Amino acid sequence: RRLVFAGSSSIYGNAAVLPKREDMRPQPLTPYALQKLVSEQYCQMFTRLYGLETVSIRYFNVFGPRQDPGSPYSGVISLFIKALLDGRAPTIHGDGGQTRDFTYVANVVDGVLRAVEAPGVAGEAFNVATNSRVSLNELFAILKGIIGASVEPEYGPARVGDVRDSQADITKATQRLAYAPSVSLEEGLRRTVDWFRGQP
C-alpha cells in the first residue's frame, strides 16, 4: 500500500542555512548523496504517475545498539565507543568542530512507523531527527564522561565531501506525522554504550 524510502540528510550538502528544511534546494556533494536524491525523485514520480504511495524519510546520523564499528558504513559514534572501551584514541577527521544532528535509532523507527500510517503524505519527504546539533569534539567529551575514559582523540585530515554542519528542521514531521523525538542524545548514548559493554 505504501513504500517508505530511507533517504538521507546528505542531499542538503553544505547549505549555509540551519536547520535544514525539506523545501531547500538539494546540493549533494557525493555519489551517495546524489543516489539518495535521485531515489527520492523516483519515489515521487511513481506516486505521481502510477499512484504508488511513497514517503521519503531523510535520516540524520542515526546511531544505536548493533551498529558494527568494523563496517565502512558505520557511524562515528560506534567507532568512538569501541575505541574508548578498548582504551584507544579515536581519530577525528578535521578540527572536530563539524556538527551533526545525531538521532537515536528509536526516534527514527517511530518516525518511519508514523510515515507508514499518516494520511495524506504520499509523495512527500520528511526530516526525522532531533532539531539539535553537537560537534564531534562535544560528542567525544560526552562519551568520554559516560565511559569514564582518560584518552584524548587524535586528529586527522578532513575528509573530502564531508558536510560541515547538519541540523534538521523537524517542523514538517511534527505537523504532518505527529512526530517528536522521545530519546535524548545523552540517553541514547548511554543505551548504546551499555549495549557495547555487554558484547563479548
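The values are calculated or read from the model by the stated rules, or taken from the named source; none is laboratory data. This structure is a prediction, so every number in the text was calculated from the model and none was measured. Glycine also receives a Cβ, built like all others from the backbone with ideal geometry; neighbour counts cover every protein chain displayed. Quick note on the areas: whole protein, heavy atoms, side chains included, nothing else; ligands and nucleic acids left out. Shrake-Rupley method; radii C 1.70, N 1.55, O 1.52, S 1.80 Å.
Show me the three semi-axes of the equivalent ellipsoid for the chain, from the C-alpha gyration tensor (sqrt of 5 times each eigenvalue), largest first, rounded to whole Å. Before the final figure, lay out each step's value.
Numbers: eigenvalues 194, 69, 41 Å².
They are 31, 19, 14 Å, listed largest first.
Considering the options Val62, Phe46, Val112, tell which one lies farthest towards the positive end of the dipole of the chain, charges being +1 on Lys and Arg and -1 on Asp and Glu at the Cβ, about the Cα centre.
About the Cα centre, the residue reaching furthest to the positive side is Phe46.
Starting from the Cα gyration tensor of segment 26-92, multiply each eigenvalue by 5, take the square root, and state the resulting semi-axes largest first in whole Å. Can you show the working numbers first?
Numbers: eigenvalues 248, 35, 13 Å².
Working through the eigenvalues yields semi-axes of 35, 13, 8 Å.
Helix 31-50 against the longest principal axis of the chain: what's the angle in degrees, Cα atoms only, rounded to the nearest 10?
The two axes meet at around 20 degrees.
For the chain, with only Lys/Arg (+1) and Asp/Glu (-1) charged at the beta-carbon, what is the dipole magnitude about the Cα centre, in debye rounded to 20? Please list the in-between numbers first.
On the way: 22 positive and 20 negative charges, 71 e Å.
Dipole size: approximately 340 debye.
Could you please state how large a percent of the accessible area of segment 44-112 is carbon and sulfur, counting protein chains only and using a 1.4 Å probe? Walk me through the intermediate numbers first.
Values: 1740 of 3110 Å².
Carbon and sulfur together cover 56 percent of it.
Provide the packing ranking of 178-189, 98-109, i.e. peptides ordered by the mean count of other C-beta atoms within 10 Å per residue, highest first. Before the final figure, lay out each step's value.
Working: 178-189: 17.4, 98-109: 21.4.
Packing order, densest peptide first, comes out as 98-109, 178-189.
Under 25 Å from the Cα of Lys172, which lysines turn up, not counting those fewer than eight places away in the same chain?
Lys20, Lys36
On a straight-distance basis, which lysines could pair with Lys144 in a cross-link, Cα separation under 21 angstrom, same-chain partners fewer than 8 positions away excluded?
Reachable lysines: Lys82.
What is the set of long-range amide H partners of Leu3 at a cut-off below 5 Å, with H atoms built 1.01 Å from backbone N?
Glu53, Thr54, Val55
For segment 1-52 and segment 80-152, what is the centre-to-centre distance using only Cα atoms, to the nearest Å?
Computed from Cα coordinates, the inter-centre distance equals 20 Å.
Amide H to amide H, which residues 5 or more places from Thr103 or on other chains are under 5 Å from it, using H placed in the peptide plane?
Excluding prolines and chain starts, which carry no amide H, the hits are Val62, Phe63.
Just to be sure I understand the model, the point goes 7 Å from the Cα along the line to the Cβ. What's the resulting Arg48 to Ile142 distance in nm?
Using points 7 Å along Cα→Cβ, the separation is 3.8 nm.
Of the accessible area of segment 131-200, with the probe set at 1.4 angstrom, what percent is carbon plus sulfur?
The C+S portion of the solvent-accessible surface of segment 131-200 is 48 percent.
Counting only heavy atoms of protein chains, what accessible area per residue, in Å², does segment 154-200 have with a probe of 1.4 Å?
Details: 2870 Å² over 47 residues.
Using a 1.4 Å probe on heavy atoms only, each residue of segment 154-200 averages 61 Å².
Could you tell me which trypsin sites (Lys or Arg not before Pro) in segment 130-200 are loop residues by DSSP with no more than 14 other beta carbons within 10 angstrom of their beta carbon? The partial results should precede the final answer.
Details: sites: Arg133, Lys144, Arg159, Arg164, Lys172, Arg176, Arg190, Arg191, Arg197; in loops: Arg133, Arg159, Arg164.
Qualifying residues, ordered by number: Arg159, Arg164.
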